[in-house]
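What follows is a short report on a single structure.
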Amino acid sequence: MANRNINMDTNDLHHQFINPPREFGMVPFWFWNDDLTEEELLRQVNEMYAKGFGGVLIHPRIGLSRRVGYLTEEFFRLVRAVVEECARLGMMVILYDEGSYPSGSAQGRVVAEDPSYAARCLIAHGKTVQGPAKGFWHPNPGRALNDELVCVVLAKEVAPDVLDPDSMTLLDIHHSELVQYDVPEGNWRLLAFWHVFSGGTIRGVHADEEDNHATAPAAGDILNPDAVACFIRHTHEQYANHLAAHFGTTVTSLFTDEPMVFGRRALRQGKLGGKPEEKNGSTRPGKPWPFTLGFLDDVQQGWDDDVRRWLPALWLDCGPQTEAFRQHYEHAVHVRLERVFYAAQSDWCAANGLALTGHPDASNDFGALRKFQWPGQDMVWRWVTPGSDSSMTGPHACAPKVASSAATLQGSRRNVTEVYGAYGWQMTLDEAKWLLDWHLVRGTNLIIPHAFFYSVRGRRAYESEPDIGIHNVWWPDFQHLGDYARRICWLLSDGELICDVAILTDGNAAAWSAAKLLTERQIDFVYIDEIALAQAYIEGESLIVGNQRFRAVVCDPPNQDVHPRLAAFAESGGSLLTTWDSDSLVETLDATLGQDVDWPTHPNLRAIHYAKAGKDFYFFTNEGEEPIDGPLTLRAIGAVECWDPLAGQTISWPSEQMNERTHTHLRLERRQGLILVVDSQRQPEMGLSYPPLPGQVALEVNASWQAQDATGEDVSLPCPGDWAQISGWELFAGNIHFTTSITLPSPLASQPLFLDLGQVGEIAELWINGESLGLCAWSPHVWRIDQALQEGVNQIRVRVTNSIENRYEGMQRPSGLLGPVVIRQAL
């Protein structure tokens, strides 16, 4: 655990915050998706370096040319060139373990080496018999020569799709896969369970290796240790052969990506479970479950009956133990996947000086993340968006918190999010900022934006877009967001999360109900599961789990059986909430623990408390669309500073100490994030005042505006107005400069003043009298301008960049300076 009492010189701390080490910068997924050249690769590396990125994640992707290929000598020659350039520049490189995803196939090389290494599953084939009857049945699932009959179960059907568990009997399998039955009166079901290949594939790297294509690479069996060893030999070991000299320095980690036990688009894949289907007089009861050679031995552990007899419960109702068996089976799958796939990669990475990172297939799975040196999750396909319930409800809402929880408990220095993937060309920097804050305030400290495209040639522009890089019109401005992220990622590293509450949940399916209630009331938490709990110990009234000390544990779902260690925790004086509802949970915790952050309740306020360098840092974000304003108090006491991670500025902040708490006032605008730093070694400064905020309109800017394109040529566009509605400009994506002049009345010259551009589509950079006042990529588009103004005539120039969605999707999103433009006095 980090030592909170290691003090750092304040000036040095300010310097590190304003310009953190490069390792905390974004590390983009870099799509290698065309016919690559060394010259262009190195140019793009230097583009990313110039924008402050911390490194690159090399991702072989659909569209890669066959001339380059995957894991070829030419491929590795280009990889080495990039790694050596990153070493020269001081950037990190994260290697990717597949071509392209999900992991475990080595672009089909695993199955090509041994066809028995293909992904597998368990299916059921059935027959209904009306007793009394006797005879033989050949449960033929199809023509596949490699299908293997696991067992056949006979059971009495007491209601449609409901079996009597006491009647379930294993039948002997005779020559030629025949079974004999002899049943009395009643409805009977014969159920045959087959171990078969799933037919799953992965997305490869060439255009003809896409989903549903005949040459899509076969998925490997990631539950089979021999298949996983083959995978590591083809990928990891090949990287080691070419790059071992850079392992542990420039090459920091290896990324594994959403491994799927079936593979993608499996021919026999569907939801786990499912209702039976009638076909040609026989019954096919539902969809497949994961399986591999020897897996029944894993399932048998912890089940007190022959698990073969209980296989019908995976598809049909077999009485009170049905759900328990399904959960037991799923748990066995997770345990085996962690042991066979994740642990093998983790061990290999540790032995080679690398960190395993990436993410599992499910957003709320953090049990598998115990095997990751840098735990991670992803956020793609618009799973979570501003202004919707998705940010707080459902399994995807758990993603950043399960990754940061895993990192907190095991003391990982970094935890990862892969973000923005397939959010579409409609994604703006406004939405990108919201998603960034959504992750950061939940503890993420390594951002991997998805993706930086090597090429958008042809249909590459529509393959998991958007490109966040050089092909996007916002690229000149992306460092604005990158520097913000780098400062917060630095802040949330090498210190200690201050958090009193744990949520005990299923490690492979974290619950979100309690998390939502706590997050809306600025009560931070860490997820734990029974495996973490088994390693915990009690010290006084606290439960110590990994590197974290908890004073309260919330069980979600509630009404669980109390774990013996939690019972002892409660007996020692800890707060254990096994029974709660939405009305009582927060009130009970507040009464028991007190409040770390006490701001008048606002459901869109988010907060995280982190300690490092002997100081307490409170990072606040506004997840809503309206400002949050008011007095607040903090548990930490001392002198306060306000750090602006977007502007890279630090100022002393008014506060006072009362009743052993720090009292102050804060306003968070839409999309704003701010840090309050509390230094317990100093007393609050006296006589400080809050910075002015924009208030009423002092002057309307009604002067005519002149428009110029990026080359400086005059263009005829309305201002204020929307150029996307002008004939010939509907599909234009780029930037236009608007200039005008205003005369500042003398009475205003000595006052704090703000320029408010009103509605802008979408990004604006402001100059006054030739001085740049910076960028604003989301509303409100407001700048403080009085220090740049002069009495008399002032020149105003605004560069406006619109959405590239207009070019690629023809959406005609509002573009330009729409206004109204006004100058505001201070409140």
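What number of residues within the range 87-106 are part of a loop (DSSP other than H, G, I, E, B) and either on the phi < 0 side of the Ramachandran plot or crowded, with 24+ Cβ neighbours inside 10 Å (or both)?
Result for the range 87-106: 10.
In the set T519, T579, only one residue is open to solvent by 30 Å² or more (accessible area, probe 1.4 Å) and not aliphatic (A, V, I, L, M); that residue is T579.
Residues in the range 209-240 that are over 30 Å from D297 (Cβ atoms) and touching a residue at least 12 places away in the same chain (Cβ under 8 Å): E209, E210, D211, N212, A216, Q238, Y239, A240. D786 meets each of the listed conditions (1) among the charged types (D, E, K, R); (2) open to solvent by less than 40 Å² (accessible area, probe 1.4 Å); (3) under 30 Å from P466 (Cβ atoms) apart from (3).
Looking for something of a type in the set (V, I, T), open to solvent by 30 Å² or more (accessible area, probe 1.4 Å) and either under 22 Å from D297 (Cβ atoms) or not in a loop (DSSP other than H, G, I, E, B) (or both) - is there at least one such residue anywhere in the range 174-190? No, the conditions are met nowhere in the range 174-190.
Note on the range 523-539: among residues that are over 9 Å from L504 (Cβ atoms) and of a type outside the set (A, V, I, L, M), the one that is least open to solvent (accessible area, probe 1.4 Å) is F525. Test A87 against the stated conditions and say whether it is in contact (Cβ under 8 Å) with a residue 12 or more places away in the chain and over 29 Å from the mean Cα position of the chain (by Cα). When the stated conditions are applied, A87 does not pass them.
Of the residues that make up the range 524-535, is at least one modelled with pLDDT under 95, in contact with a helix residue (DSSP H, G or I) (Cβ under 6 Å, 6 or more places away or on another chain), part of a loop (DSSP other than H, G, I, E, B) and more than 20 Å from Q377 (Cα to Cα)? No. Would you check if there is a residue in the range 453-467 being in contact with a helix residue (DSSP H, G or I) (Cβ under 7 Å, 6 or more places away or on another chain), closer than 18 Å to F24 by Cα and either at pLDDT below 95 or open to solvent by less than 10 Å² (accessible area, probe 1.4 Å) (or both)? The answer is no, given that none of the residues of the range 453-467 is in contact with a helix residue (DSSP H, G or I) (Cβ under 7 Å, 6 or more places away or on another chain), closer than 18 Å to F24 by Cα and either at pLDDT below 95 or open to solvent by less than 10 Å² (accessible area, probe 1.4 Å) (or both). Kindly check whether there is at least one residue in the range 178-191 that is in contact (Cβ under 8 Å) with a residue 60 or more places away in the chain, within 24 Å of F262 (Cβ to Cβ), of a type in the set (A, V, I, L, M, F, W, C) and touching a Leu at 6+ places or on another chain (Cβ under 7 Å). Looking for residues that are in contact (Cβ under 8 Å) with a residue 60 or more places away in the chain, within 24 Å of F262 (Cβ to Cβ), of a type in the set (A, V, I, L, M, F, W, C) and touching a Leu at 6+ places or on another chain (Cβ under 7 Å), one finds none in the range 178-191, hence no.
So which residues in the range 689-716 are over 26 Å from L481 (Cβ atoms), outside any strand (DSSP E or B), open to solvent by 60 Å² or more (accessible area, probe 1.4 Å) and in contact with a strand residue (DSSP E or B) (Cβ under 8 Å, 6 or more places away or on another chain)? If the condition is that a residue be over 26 Å from L481 (Cβ atoms), outside any strand (DSSP E or B), open to solvent by 60 Å² or more (accessible area, probe 1.4 Å) and in contact with a strand residue (DSSP E or B) (Cβ under 8 Å, 6 or more places away or on another chain), then Y690, S704, S716 are the ones that fit.
Every residue, every condition in (1) charged (D, E, K, R); (2) within 23 Å of G673 (Cβ to Cβ); (3) surrounded by fewer than 24 Cβ atoms within 10 Å (Cβ to Cβ); (4) more than 18 Å from the chain's Cα centre (by Cα), yes or no:
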| position | (1), (2), (3), (4) |
| --- | --- |
| V380 | no, yes, yes, no |
| T385 | no, yes, yes, no |
| A399 | no, yes, no, no |
| T417 | no, yes, no, no |
| E431 | yes, yes, yes, no |
| H439 | no, yes, no, no |
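The selection criterion, being touching a residue at least 24 places away in the same chain (Cβ under 8 Å), out of contact with any Pro (no Cβ under 9 Å at 6 or more places or on another chain) and more than 30 Å from H663 (Cβ to Cβ), holds for P557.
Within the range 403-423, which residues are touching a Leu at 6+ places or on another chain (Cβ under 7 Å) and of a type in the set (A, V, I, L, M)? Scanning the range 403-423 gives A403, A406, V416, V419.
Output the residues belonging to the range 90-124 that are under 28 Å from the mean Cα position of the chain (by Cα) and among the acidic types (D, E). Matches in the range 90-124: D97, E98. Just one of the listed residues (I448, I503, I470, I498) is open to solvent by 10 Å² or more (accessible area, probe 1.4 Å), touching an Asp or Glu at 6+ places or on another chain (Cβ under 6 Å) and modelled with pLDDT of 95 or more, and it is I470.
Which strands (runs of 3 or more DSSP E) does the range 734-827 wholly contain that include 1 or more residues that are in contact with a Ser or Thr (Cβ under 9 Å, 6 or more places away or on another chain) and over 18 Å from W475 (Cβ atoms)?
Passing ranges, in order: 735-744, 759-761, 763-768, 792-801.
Within the range 191-212, restricting attention to residues that are part of a loop (DSSP other than H, G, I, E, B) and among the small types (G, A, S), the residue that is surrounded by the fewest Cβ atoms within 10 Å (Cβ to Cβ) is G199. Scanning the range 155-173 for residues that are assigned to a strand (DSSP E or B), out of contact with any Phe, Trp or Tyr (no Cβ under 8 Å at 6 or more places or on another chain) and farther than 25 Å from L145 by Cα turns up V158, A159, V162, L163, T169. Residues considered: G367, G387. Of these, the only one that is under 21 Å from V261 (Cβ atoms) and not β-branched (V, I, T) is G367. The set of residues from the range 727-747 being open to solvent by 20 Å² or more (accessible area, probe 1.4 Å) and more than 17 Å from G819 (Cα to Cα) comprises S727, G728, W729, E730, L731, F732, T743, P745, S746, P747.
When D590, D581, D629 are checked against the criterion of being among the acidic types (D, E), closer than 22 Å to M658 by Cβ and not in a strand (DSSP E or B), D590 stands alone in meeting it. Where residues in the range 70-82 are in contact (Cβ under 8 Å) with a residue 40 or more places away in the chain and surrounded by fewer than 21 Cβ atoms within 10 Å (Cβ to Cβ), which of them is farthest from G199 (Cα to Cα)? Top of the filtered list is A81.
Residues in the range 323-359 that are open to solvent by 10 Å² or more (accessible area, probe 1.4 Å), among the polar types (S, T, N, Q) and in a helix (DSSP H, G or I): Q327, S346.
The values are calculated or read from the model by the stated rules, or taken from the named source; none is laboratory data. In this text, all values refer to a predicted model and were calculated from it rather than measured experimentally. Positions of Cβ are generated from backbone atoms using ideal geometry, with glycine treated the same way; all protein chains shown enter the neighbour counts. The area values use the complete protein model at the heavy-atom level, side chains included, leaving out ligands, DNA and RNA. Shrake-Rupley method; radii C 1.70, N 1.55, O 1.52, S 1.80 Å.
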